[in-house]
């Protein structure tokens with residue numbers, strides 16, 4: 001079992017994202033380099049920091065969060081934000097109500113939804129993305145003093161041109177034998193509701209077994225709980241322990257969190 005520390009990467013993803021992996025990119029680049037000509041597959045793309053850092057020629061970037069994938073698909077087409085971007089509590093809740101109306105109306109994949117999703121991501125509390133049991137976005141206003149918004153996302157189009165964005169269960173992703181998989185699921189912690197569905201321990205086990213069955217290179221990150229360490233070790237993964245920066249904390253605690261990087265076929 002190895003222990004390592006990683007310095008932050010330089011590329012910035014377009015969204016704030018709890019548990020984002022920009023800090024991990026320098027280490028992942030070393031693991032990725034021998035496979036740079038193959039396809040990158042991320043079952044849980046999240047904030048997209050890894051894909052932007054590795055710059056694969058082709059990628060399948062998946063997430064169960066339909067709103068996130070809709071935003072990335074719009075980003076791929078050259079998203080430009082033309083709605084008001086105001087750091088105002090009243091306006092934020094007005095936009096949140098409109099966003100939830102679009103969900104109820106079945107317009108999750110609309111351009112308007114993508115624009116509102118970006119605004120709420122930048123303006124809401126701690127950049128969280130959280131939904132209740134009826135799939136309604138319920139993150140409160142963030143109360144930032146200043147916010148730097150981006151309106152023109154057209155510089156992303158060239159990079160994302162050959163990337164495929166999907167929203168499904170990870171097991172439904174059609175894999176090629178030599179795909180390089182980087183898996184960063186909801187962590188093995190109490191709170192897992194980043195969409196209307198929870199990611200339970202049974203899903204952690206199902207994911208680990210799915211990753212272990214892949215013939216190509218696999219890298220997986222997770223909270224370094226005892227049962228996660230036991231699970232991946234038993235499936236034949238090499239284990240590396242990391243001190244992860246704690247960027248989002250409601251208590252102000254910035255003590256590094258222990259995370260695990262499990263890999264095989266590298």
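Miscellaneous remarks
- Over the stretch 1-158, Cα pairs under 8 Å with separation of 6+ residues give a relative contact order of 23 percent.
- Angle between the chain longest axis and helix 111-123 axis [Cα atoms, degrees, rounded to 10]: 80 degrees
- Whether the stretch 1-125 is rounded, prolate or oblate, judged on the alpha carbon gyration tensor where a/c under 1.5 counts as rounded: prolate
- 0 to 90° range, to nearest 10: angle between helix 201-213 axis and the chain longest Cα axis: 50 degrees
- Span from the the stretch 35-90 Cα centroid across to the the stretch 161-177 one, whole angstrom: 13 Å
- Extension gain for residue 189-residue 201 works out to 3.4 nm (0.36 nm per residue, less the C-alpha to C-alpha distance).
- Rel. contact order, % - alpha carbon contacts under 8 angstrom, at least six apart, the chain: 22 percent
- Once the Cα gyration tensor of the stretch 81-151 is diagonalised, semi-axes √(5λ) in Å: 19, 14, 10
- The chain - share of DSSP beta bridges that are antiparallel (%, nearest 5): 50 percent
- Summarising the overall dimensions of the stretch 97-222 from its C-alpha atoms, the Rg and Dmax are 17.3, 49 angstrom.
- Using equal-weight Cα scatterers in the Debye expression, the normalised intensity of the stretch 29-97 in log10 at q = 0.17, 0.19, 0.20 Å⁻¹ is -0.76, -0.87, -0.92.
- Extension gain for residue 12-residue 90 works out to 25.2 nm (0.36 nm per residue, less the C-alpha to C-alpha distance).
- Cα-based helix-to-principal-axis angle, 89-104 vs the chain, degrees rounded to 10: 70 degrees
- Within the listed set 140, 185, 43, the residue fluctuating most in the Gaussian network model of the chain (springs between alpha-carbon atoms under 10 angstrom) is 140.
- Mean separation of Cα contacts under 8 Å (6+ apart) over length of the stretch 81-151, as relative contact order %: 36 percent
- Paired Rg and Dmax values of the chain, which use every Cα atom, in angstrom: 18.2, 52
- Summarising the label geometry, the points placed 7 Å from Cα in the beta-carbon direction at residue 143 and residue 225 lie 3.0 nm from one another.
- FRET efficiency, 1/(1 + (r/R0)^6) with R0 30 Å, evaluated for residue 133 and residue 233 via beta carbons: 0.30
- Pair residue 209, residue 98: separation of 7 Å Cα→Cβ label points (nm): 4.6 nm
Read-outs: derived from the displayed coordinates by stated rules, not from any lab. Everything quoted here is computed from the prediction, not taken from an experiment. Note that each Cβ is placed from the backbone with ideal geometry, even for glycine, and that neighbours are counted across all protein chains shown.
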